[in-house]
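Student: Here it is: the structure, laid out below.
The values are calculated or read from the model by the stated rules, or taken from the named source; none is laboratory data. Source: prediction; values computed, not measured. Here the Cβ positions follow ideal geometry from the backbone for every residue, glycine too, while neighbour counts run over all protein chains shown. When the accessible area is computed, the model is the full protein with side chains, heavy atoms only, and any ligands, DNA or RNA have been set aside. Shrake-Rupley method; radii C 1.70, N 1.55, O 1.52, S 1.80 Å.
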Amino acid sequence: MHNDLVQIGKRGFYDVAINPALDLFAEIKRLKKEKNAVLLAHYYHDADIQDIADYIGDSLGLARQAEKTDADMIVFAGVHFMAETAKILNPTKKVVIPDLKAGCSLSDSCPPPLFKRFKEAHPDHIVISYINCSAGIKALSDVIVTSSNAQFIVESFPKEQKIIFAPDKNLGAYINKVTGRNMLLWDGACMVHEIFSMEKIARLKTRHPEAKMIAHPECEDPVLKLADFIGSTTQLLKFTETDPGNAYIVATETGILHQMMKNSPQKTFIPAPPHNACACNDCPHMKLNTLDKLYLCMEYEQPEILMDEELRLAARKPIERMLELSKTIG
Ligand code: 13P
Ligand code: SF4
């Protein structure tokens, strides 16, 4: 077993030495069974975490799983807004996250007090928010969307309806383009999807002329213009499974390549490079969740997501509206 718990910091950091001989896969499996826990993981995690998860998915899939699970404990290998969404939807369950510091630059780019003022300045607009935001922003929204259902939900409103879209200006601009709307965009962005290098992508395309480029709609417009297919992580994964092509340049966080390679081992997947020294593009927030921390959070059942009930109820309404509206989407 691991040594004694030394300290759990204010934000949920453990200071524990784990015996390197411990089989963490076996331990996590044991804890899942003993505690009737379900492990939900987003595709942007390391292969080890994806391989031990009960469900791997995009934000929409994860929210649906969190809502319907009858496990006693939801272990959420995701960033804070994802675990918080699970608690909002299924409040009687204990929701734990391996690292409470796993935040999101996009969510952080939209502080509720500032957004409240922005909303008040446009009283004739409704608010559609991307799920990558805090409960405070959700509570100020009329409906939530994910990258899987944003187009569908925006199109469910009449063309003349005035809309504020928050917090992702890139996803918002993309939805404006494909729907012909003119939504007012909050100026937020994801630090991972904004740093793809056009120059390096162009070079990759020259070197691999047979490869199709696929991109997440959180990318900036010049990157999206180069893409043969644009979609959420699940949609990108499905595309690579059903498309007749055999090589893909993938413009999203690198973690998704694990499932792509697993599901289509005969195909080639090339991560689109960022404009820094790295060849891959990892989300530093998601990658805070390690296998060690996952084991510890299951063993000690913390850090736990706790919420003010009034805020939870206010944030729940627009998420429920999204789940209801997108029932027909696979
Ligand atoms: P999806 O997996 O829902 O496409 O979201 C991508 C993302 O950036 C999650 O943080
Ligand atoms: Fe947030 Fe971007 Fe990381 Fe997703 S990939 S969690 S949007 S910073």
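Student: Carbon and sulfur: what percent of the stretch 4-161's accessible surface (1.4 Å probe)?
Tutor: For the stretch 4-161, the apolar C and S fraction of the accessible surface comes to 50 percent.
Student: Tell me which residues come under 5 Å, amide H to amide H, from residue 251 once H is placed; ignore anything under 5 positions away on its chain.
Tutor: Result for residue 251 returns 214, 215, 216, 272.
Student: Show me, for the stretch 177-189, the HN-Hα J-couplings you get by feeding each phi into the Karplus relation (A = 6.51, B = -1.76, C = 1.60, θ = phi - 60°), rounded to Hz, glycine and proline as x.
Tutor: Values, residue by residue: 5, 7, 9, x, 8, 10, 5, 7, 9, 6, 8, x, 7 Hz.
Student: Let me ask something else. What ratio of Cα Rg to 2.2 N^0.38 Å holds for the stretch 75-132? Let's see the in-between values first.
Tutor: Details: Rg = 14.1 Å, N = 58, 2.2 N^0.38 = 10.3 Å.
With N residues counted in the stretch 75-132, Rg over 2.2 N^0.38 Å equals 1.37.
Student: Would you work out the charge dipole size for the stretch 276-323 about its Cα centre, treating the Cβ of every Lys and Arg as +1 and the Cβ of every Asp and Glu as -1, and quote it to the nearest 20 debye?
Tutor: Dipole size: approximately 320 debye.
Student: Moving to a separate point now. Could you sort the peptides 298-306, 147-155 by per-residue average Cβ neighbour count (10 Å cutoff), highest mean leading?
Tutor: By packing density, highest mean first, the sequence is 147-155, 298-306.
Student: Let me ask something else. Provide the per residue accessible area, probe 1.4 Å, for the chain, rounded to a whole number of square angstrom. Walk me through the numbers before you get to the answer.
Tutor: On the way: 14300 Å² over 330 residues.
Ligands and nucleic acids excluded, the result is 43 Å² per residue.
Student: Order 138-144, 42-48 from most to least packed using the mean count of other Cβ atoms within 10 Å. Spell out each step's value before the answer.
Tutor: Numbers: 138-144: 23.9, 42-48: 21.4.
Order by mean packing, descending: 138-144, 42-48.
Student: Also, I was wondering about something else. So who's got an amide H within less than 5 Å of the one on residue 97, skipping anything under 5 residues away but keeping other chains? H placed 1.01 Å off N, in plane.
Tutor: 76, 305
Student: Step through the residues of the stretch 197-207 one at a time and calculate ³J(HN,Hα) from phi using the Karplus curve (6.51 cos²θ - 1.76 cosθ + 1.60, θ = phi - 60°), rounding each to whole Hz and writing x for Gly and Pro.
Tutor: For the stretch 197-207, the Karplus-derived couplings read 8, 4, 5, 5, 5, 4, 5, 4, 5, 5, 6 Hz, x marking Gly and Pro.
Student: Another question, then. Using only Cα atoms, what Kirkwood radius does the chain have, in angstroms?
Tutor: Details: mean 1/r = 0.0487 Å⁻¹.
After inverting the pairwise mean of 1/r, the radius is 20.5 Å.
Student: Pairs 32/119; 29/101; 212/287; 68/138; 162/327; 200/238: which are spaced more than 31 Å apart, C-alpha to C-alpha? Walk me through the intermediate numbers first.
Tutor: Working: 32/119 43 Å; 29/101 24 Å; 212/287 27 Å; 68/138 20 Å; 162/327 24 Å; 200/238 25 Å.
Result: 32/119 exceed 31 Å.
Student: Now, a different point. Taking the alpha-carbon distance from residue 159 and a cut-off under 17 Å, which lysines remain once sequence neighbours fewer than 8 residues away in the same chain are dropped?
Tutor: Partners found: 177.
Student: Calculate the translational D of the stretch 242-330 in whole µm² s⁻¹ from Stokes-Einstein, where the hydrodynamic radius comes from the Kirkwood formula applied to all Cα pairs, the temperature is 37 °C and the viscosity 0.692 mPa s.
Tutor: On the way: Rh = 17.3 Å.
Here the translational diffusion coefficient equals 189 µm²/s.
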